[in-house]
Structure formats: C-alpha cells, structure tokens
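The values are calculated or read from the model by the stated rules, or taken from the named source; none is laboratory data. Because the structure is a prediction, the values reported are computed rather than measured. All Cβ positions, glycine included, derive from the backbone under ideal geometry; neighbour counts span all protein chains shown.
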Amino acid sequence: MTFNWLVWRQLPWMKATSGQWRYALRNGIAMCLALSIAYGLDLDEPYWAMTSAAVVSFPTVGGVISKSLGRIAGSLLGAAAALLIAGHTLNEPWLFSFAIAAWLALCTWIANHYQNNVAYAFSLAGYTAAIIAFSSVNVNEINSLWDITQARVCEVISGILCGGFMMMILPSTSDGNTLIKSLNDMHNRLLEHAGLLLQQETTANVRTAHETVISQILTMNLLRIQAFWSHYRFRRQNNVLNYVLHQQLRLTSVISSLRRMLLNWQDPPEELFSVLHQALIMLSQRNCDKYQLAQILQRAAPGKDGDYRHYAFWHRLRYFCWVYLNVSRWLRQFENADAETRFYPPAVPALARYTDSAEASWSALRTFTVIILGCTFWINTQWDVGGTALTLTAIACVLYSAAPSPTGSITLLLKTLLLLSVFSFVVKFGLMVQISMLWQFILFLLPLLVTLQLCKLQQKNLAGMWGQFIVFMGSFLAVTNPPTYDYQSFINGNLARVCGVLLAWIAFQILRPSSDIRKSRRHIRALRREFLDQLGRHPRLSESRFESQIYHRISQLNTSQNEQARVWLLRWGVVLLNCSHIAWQLRDWKAASSDLAAIRDASLRGLQCIISERGVHHDSLSGTLDALNTMIAELLARHTDDATQLAGILWRLFCSLSQLKQALPEGALAGQQ
C-alpha cells in the first residue's frame with residue numbers, strides 16, 4: 001500500500017493549475033453565495049440553492065448559460081405541474097400517486113426523445129415536481145402549497161444567478177476559442193485517419209479509429225451548442241458551423257469508401273499510393289491551394305484507356321481533396337471573421353438526432369411502475385420520510401433512464417450517498433451543532449468545496465463520485481433555516497434517501513434497459529428501413545440528413561462493452577451509407593444515351609431487391625453482384641468515356657455491396673444475448 005497521495009506535492013492544492021483553481025473557486029464561492037442569499041431571503045430549505053449552483057457549474061460560459069436556461073425552464077414547468085397535481089389530488093392519495101407517477105413517466109419519455117437542453121429541462125420538470133409534491137403531502141391549506149413551490153423555485157433561481165454572477169467575475173476559457181481549436185484539431189485528425197485507412201497494409205485498429213472519429217465529430221455538435229449561447233457572433237455563424245460538421249462527416253464517409261475500393265482492388269499501381277501520400281502532406285499545410293493539389297493528383301490520373309477501377313478511385317480521391325480544401329476555407333473564414341460578418345454556406349439541416357421510441361417507452365413504464373409501488377408502500381406504512389425516499393427514486397429514474405449505463409450510474413450514486421451519510425453525520429453533529437452564525441459555517445464550507453472541486457478535476461476516474469458528492473452534500477447536511485439537530489429525523493432522512501436510490505436500483509435490475517445486442521438490432525433494422533427510403537423516387541431524408549442520422553446511430557453504442565453489437569452496427573452503417581451516396585450519384589448522373597440510362601436504372605432496381613427491413617436476401621445479393629459484373633463488362637466493351645465513368649460508379653457499388661456477404665442472419669445477434 002502506498003501513501004504517495006500524502007506527499008506535499010501530490011496534494012490537490014499543490015497540483016492544481018491556474019485554470020483548475022479558477023474553476024474550483026468560482027463554483028465554491030457560487031455555492032456559498034447561493035446559500036447565503038437563500039438564508040437572507042428567509043427560505044426554509046436554502047440548501048436547494050446551493051445544490052442548484054452546483055448543478056450548473058460548467059467550465060465554459062456557454063455551458064453555464066445553456067444549462068441554466070434548461071434548469072429554469074424545467075423548474076418552472078415542474079413547479080406548475082406540482083401545483084396542479086398537488087392542488088387537486090392531495091385529498092385523494094391514490095389519485096395523487098397515479099397523477100405524479102404519470103407526470104414523471106411523461107417527463108422520462110420526452111427526455112429520452114431529445115438531447116442536451118431539452119432533455120435536461122424535462123428531466124428537471126419531472127423531479128422538480130416530485131420534490132415539491134412529495135414534500136407537500138401534509139399540507140392542509142392551498143396557501144402553504146404555494147409558499148413551498150415559491151420557495152423551491154426561488155432557491156433554484158438563486159443558485160443559477162449566483163453561478164452566472166461568479167462566471168462573470170472569474171470567467172473561464174472562451175467557448176468560441178475552444179470550438180475553433182477543436183474544429184481545427186478534428187480537421188487535422190481526419191488527415192491522420194485517411195493516412196491510417198488508405199494504406200496497403202491492413203492495421204488492427206481501423207474499426208476503433210473509425211468509431212472514435214465519428215464520436216468526436218458528433219461531440220463537436222455539443223461544443224457548437226455551447227458556443228451558440230456564449231456569444232452572438234457564434235449564433236450568427238451557426239449555419240457555418242453546422243455546414244462544417246456535415247462536411248467533416250462526409251469526409252469520413254469518403255475515407256471509408258476509398259478504403260473499401262482498395263480492399264477490392266488486387267493490384268493498384270504503386271504511383272497511386274505515392275500521390276496519395278503527397279496529397280495528404282499538401283493538405284496538411286496551411287497555404288495549400290487547389291492548383292498545387294491538382295498538380296499532384298494529375299501524376300496519378302488515369303489515361304484515356306485507363307482501368308475503370310483507377311478512374312473510380314482517382315475521382316473519389318479528388319472529391320475528398322476538394323471537400324477537405326473547402327472545409328479548410330470555411331474554417332479560416334470563420335476564424336478570421338468579425339462579429340458583423342455574415343456567411344452563407346450551402347444550406348444543410350441540423351445534425352440528425354435519433355430517437356429510440358421503444359427504449360423511451362420502456363423507461364417511462366419503469367418510472368411509472370416504481371413510483372406507484374413506492375407510493376403504495378408509503379400509503380400503507382405511513383412512513384414519515386416516505387416523500388424523501390420517493391424524491392430520490394424519482395431523481396434516479398428520470399435522470400439516469402437515458403444514461404449509457406444506468407445501473408452503473410445508480411450504483412455509483414448509492415455508494416456516494418452511503419459515504420455522504422457518514423460524512424454529513426460527523427459534520428452536522430460534530431461541527432454545525434456548535435456554530436451559531438452562518439458566516440462561521442461558510443468559513444468551513446468554502447475550503448471544503450474548493451478541495452472537492454479540485455479532486456473532481458484531478459481524479460478523472462473518481463470525477464463522477466466527487467460530482468455527485470458535491471451536488472447531494474447540501475441535502476444531506478440539511479442546512480435549513482432555522483437549523484434543526486434531531487438525531488432521529490436526520491438518520492431517518494438519510495436512510496430514506498439511500499432506500500429511495502436502492503428502490504430505483506432494484507427497478508433497473510428488474511425492468512432492465514435493452515441489452516446492447518437488442519439495441520444494435522433495432523438500430524440496424526431502422527438503418528435498413530431508412531436506406532430503402534433513400535432508394536425511392538422522393539426520399540424522405542436528404543443525403544446529408546441520412547448521413548448524419550446513420551453516424552448518430554453508430555455513436556449510440558460507442559461505449560458498449562459488447563464488441564459484436566458495435567461491429568455490426570458500424571459495418572451496416574458504413575455499407576448502407578456508401579450505397580446511399582452511390583444511389584444519389586447515379587440519380588444525378590446524366591446518361592449520354594438511353595442504353596446507359598437503362599443500365600443505371602437496372603443497378604438502382606437491383607439495390608431494392610437485396611435488402612429488406614429484416615436483413616439481406618443472400619440469393620438476391622449474389623444475383624445483383626453477378627449482374628453488376630455483367631453490366632461493368634458490357635460498359636467496358638463500349639470504349640467510351642461515359643461508359644467507363646458509369647463502370648467505375650458501378651464498381652464502387654460492387655465494392656460496398658460485397659461486404660454484405662459477411663452479414664449475419666437476422667437471428668444470429670439474438671442468439672448472442
């Protein structure tokens with residue numbers, strides 16, 4: 001056992017950087033200030049203000065603003081719902097139970113259908129209503145219910161305002177600078193990714209690298225949202241940022257398409273790899289222009305009688321280079337623009353967000369069921385702290401229903417609450433009982449909060465536990481106005497909080513979220529269904545929106561421990577996306593003759609025969625691949641440029657479809673559950 005953490009230089013105060021000190025001081029002072037203001041306003045439970053300030057403690061201005069707006073909207077909506085539910089049903093316990101359970105289930109369902117601020121707002125609306133309604137069950141007059149609701153909302157808003165005030169005094173790194181740096185880093189990373197995938201040797205980490213790049217690009221969207229709220233300059237240029245993210249996803253698609261062609265090309269010329277390497281080096285230079293790049297690409301251009309595979313690969317490589325240069329140009333313009341400049345890039349929709357309605361409905365059912373069971377126990381036993389227990393149950397069920405690993409998150413919360421129970425007992429009855437003034441308690445609380453914030457930043461593997469410790473510390477210490485020091489109510493309250501989280505843990509064990517295998521199967525079925533729509537005459541989704549939706553689905557299982565679920569979702573997504581790009585290109589391709597148009601239309605009809613929502617028709621797949629080879633041979637016999645161009649496109653389609661030969665039967669994934 002080592003005690004290195006006791007060495008002076010290893011203490012969190014000594015290891016902290018200036019940025020970490022700024023973050024810790026800002027949030028620690030904001031929490032103490034919120035507690036003091038809530039005391040000054042004579043609110044009965046001022047610790048909720050401290051908790052609110054802790055929840056919105058984001059490291060960037062945009063994060064604080066967006067989180068605060070979501071928290072205010074959710075708190076007001078939840079308070080209104082609590083007033084309606086409690087005001088009309090408190091005299092009927094069973095009606096009250098079903099009403100509050102239905103509201104929590106509805107908030108869970110909506111929160112699972114959205115992400116970012118909308119999901120957070122509805123999560124807040126759910127458990128804010130639970131906090132107010134469950135603490136109002138013994139209220140006899142409607143005026144008291146209004147006072148409780150008003151106090152909770154005031155406490156929440158006080159904490160948010162204190163967090164925003166401290167952000168102005170001790171500002172953090174600009175969201176815009178962070179976003180610009182991240183976009184440029186991501187742009188350079190795409191070149192590294194292209195160099196990894198487009199080489200003659202096959203490396204083992206290709207799939208992992210592809211998943212990581214997709215996840216990082218989609219994470220940029222969160223930074224874009226935070227920058228949107230931090231400065232009106234980024235709100236004005238939001239269309240540029242959205243376009244750049246779409247184009248970076250497109251570059252990822254093109255890289256996978258080029259790799260698929262290389263894997264199906266037995267003897268590509270060595271000159272092609274040399275030119276590819278030089279082109280990537282040229283693209284990495286800031287002063288690269290289209291003319292210099294065209295000179296490099298010309299060295300590997302196919303001749304008049306060149307191989308159709310060479311033609312297809314070279315044209316796709318040239319497309320990659322032009323798209324990359326285009327994104328570089330937009331990034332430079334965005335970085336150098338002032339606050340008044342407006343840009344008008346090609347219009348693209350917002351990055352698609354996928355909603356798993358089945359999982360959302362299952363989570364809503366879980367929340368409804370566990371709240372009804374908890375209320376049943378409370379009504380029958382008349383447990384005086386049952387409302388406290390059910391409040392924590394509601395928070396855990398609503399908040400963690402959309403988490404990648406809800407059981408693990410609730411287990412961590414349970415451990416944190418057990419640790420908090422011991423800690424709060426020592427502090428409350430060892431220190432607070434001897435303090436008569438708030439400022440004396442603040443002298444102890446501020447250094448403690450700063451230390452905990454530093455530990456959260458420095459100990460990455462324990463960051464989740466320290467974050468939960470900070471957020472729930474106020475409710476465990478129960479800093480009330482006036483303060484109370486009753487052993488029995490304190491122990492009962494802490495026991496109720498632990499039991500409430502334990503009830504949520506049991507609910508997640510019995511009504512388990514879908515396994516990663518089952519989620520993967522649902523995603524794959526949806527991908528096939530949407531791909532068939534892409535083959536229609538008038539697709540419901542545009543090419544860009546279908547592309548971003550596929551990548552969003554792939555990112556849903558990035559953290560999954562089940563490798564088979566991740567592999568097959570990624571494989572299906574990449575194959576169908578490449579086929580979709582080819583289908584759009586074939587539709588836009590202008591045939592020089594009716595014979596070529598007939599061949600093009602026949603290839604599109606062949607796509608509709610091989611894939612259904614349930615899987616691949618292997619007989620039809622083999623027939624379509626043979627038909628594509630026949631079409632390519634027929635086109636090559638014509639010895640025209642248009643025929644060679646169409647043959648190259650059909651060969652790209654052949655390369656993408658050939659990967660479906662490895663597709664598992666529909667029941668194979670199910671057998672692995």
Conditions (1) part of a loop (DSSP other than H, G, I, E, B); (2) over 30 Å from R521 (Cα atoms); number of the one not met by L596 | (1)
Taking the stretch 514-541 and keeping only residues that are outside any helix (DSSP H, G or I) and at pLDDT 85 or above, one is left with P539, R540
Helices (runs of 4 or more DSSP H) lying entirely in the stretch 366-483 (those with 1 or more residues that are under 31 Å from the mean Cα position of the chain (by Cα) and of a type in the set (K, R)) | 406-430, 438-458
For the stretch 527-541, state whether one or more residues are closer than 23 Å to A403 by Cβ and in contact with a Pro (Cβ under 9 Å, 6 or more places away or on another chain).
-> no
Identify, please: which residue in the stretch 259-274 is more than 28 Å from the chain's Cα centre (by Cα), touching a residue at least 40 places away in the same chain (Cβ under 8 Å) and not in a loop (DSSP other than H, G, I, E, B) and is, among those, surrounded by the fewest Cβ atoms within 10 Å (Cβ to Cβ)?
-> L263
Count of residues meeting criterion [surrounded by 19 or more Cβ atoms within 10 Å (Cβ to Cβ) and over 20 Å from L392 (Cβ atoms)] in the stretch 97-111 | 1
Per the filter on the stretch 57-82, residues of a type outside the set (G, A, S) and within 22 Å of S18 (Cβ to Cβ) are F58, P59, T60, V61, V64
Determine if the stretch 572-589 includes at least one residue that is surrounded by fewer than 16 Cβ atoms within 10 Å (Cβ to Cβ) and among the charged types (D, E, K, R).
-> yes
Within the stretch 25-35, can you find the residues that are out of contact with any Ser or Thr (no Cβ under 8 Å at 6 or more places or on another chain) and either small (G, A, S) or not assigned by TED's automatic domain parsing to the domain that holds I442 (or both)?
-> G28
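Every residue, every condition in (1) surrounded by 13 or more Cβ atoms within 10 Å (Cβ to Cβ); (2) over 23 Å from M186 (Cα atoms), yes or no:
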{"position": "N326", "(1), (2)": "yes, no"}
{"position": "R329", "(1), (2)": "no, no"}
{"position": "N336", "(1), (2)": "no, no"}
{"position": "A358", "(1), (2)": "no, yes"}
{"position": "W362", "(1), (2)": "yes, yes"}
{"position": "I371", "(1), (2)": "yes, yes"}
Sort through A312, A301 and tell me the only one that's in contact (Cβ under 8 Å) with a residue 12 or more places away in the chain, within 27 Å of A637 (Cβ to Cβ), of a type in the set (A, V, I, L, M) and assigned to a loop (DSSP other than H, G, I, E, B).
-> A301
Does the stretch 80-95 include one or more residues that are in a helix (DSSP H, G or I), of a type in the set (S, T, N, Q) and out of contact with any Phe, Trp or Tyr (no Cβ under 6 Å at 6 or more places or on another chain)?
-> no
Pick from the stretch 610-638, criterion of a type in the set (G, A, S) and not in a helix (DSSP H, G or I), ranking: surrounded by the most Cβ atoms within 10 Å (Cβ to Cβ) | G615
Flag if L452 is surrounded by fewer than 19 Cβ atoms within 10 Å (Cβ to Cβ), farther than 23 Å from Q434 by Cα and assigned by TED's automatic domain parsing to the domain that holds D42 = no
Could you identify the single residue in W13, W21 that is at pLDDT 85 or above, surrounded by fewer than 22 Cβ atoms within 10 Å (Cβ to Cβ) and either assigned to a loop (DSSP other than H, G, I, E, B) or among the hydrophobic types (A, V, I, L, M, F, W, C) (or both)?
-> W21
Search the stretch 353-373 for residues that are more than 16 Å from R518 (Cβ to Cβ) and pair each with any residue that is at pLDDT below 90 and assigned to a loop (DSSP other than H, G, I, E, B) when their beta-carbon atoms are under 6 Å apart and the residues are at least 6 apart or on different chains.
-> R353/Q115
What are the residues in the stretch 82-96 that are crowded, with 16+ Cβ neighbours inside 10 Å, at pLDDT 85 or above and either among the aliphatic types (A, V, I, L, M) or over 14 Å from I132 (Cβ atoms) (or both), if any?
-> A82, L83, I85, A86
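Here's the yes/no breakdown for (1) under 30 Å from C655 (Cβ atoms); (2) hydroxyl-bearing (S, T, Y); (3) in the same structural domain as L495 (by TED's automatic domain parsing):
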site: L293; (1), (2), (3): yes, no, no
site: A301; (1), (2), (3): yes, no, no
site: Y344; (1), (2), (3): no, yes, no
site: I372; (1), (2), (3): no, no, yes
Tell me, yes or no, whether the stretch 393-404 has at least one residue that is out of contact with any Pro (no Cβ under 8 Å at 6 or more places or on another chain), over 19 Å from I131 (Cα atoms), in the same structural domain as L502 (by TED's automatic domain parsing) and surrounded by fewer than 20 Cβ atoms within 10 Å (Cβ to Cβ).
-> yes
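Per-residue answers, yes or no, for (1) modelled with pLDDT under 80; (2) not assigned by TED's automatic domain parsing to the domain that holds L280:
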residue: Y127; (1), (2): no, yes
residue: V156; (1), (2): no, yes
residue: G159; (1), (2): no, yes
residue: H193; (1), (2): no, no
residue: N221; (1), (2): yes, no
From the residues in the stretch 639-667 that are buried (at least 16 other Cβ atoms within 10 Å of the Cβ) and not in a helix (DSSP H, G or I), which one is modelled with the lowest pLDDT?
-> L664
Among the residues of the stretch 478-516, which ones are within 30 Å of R614 (Cα to Cα) and either of a type in the set (D, E) or crowded, with 19+ Cβ neighbours inside 10 Å (or both)?
-> F508, P513, D516
Pick from the stretch 591-609 the residues that are free of Cβ contacts under 8 Å to residues at least 24 places away in the same chain and under 37 Å from the mean Cα position of the chain (by Cα): which of them is surrounded by the fewest Cβ atoms within 10 Å (Cβ to Cβ)?
-> R605
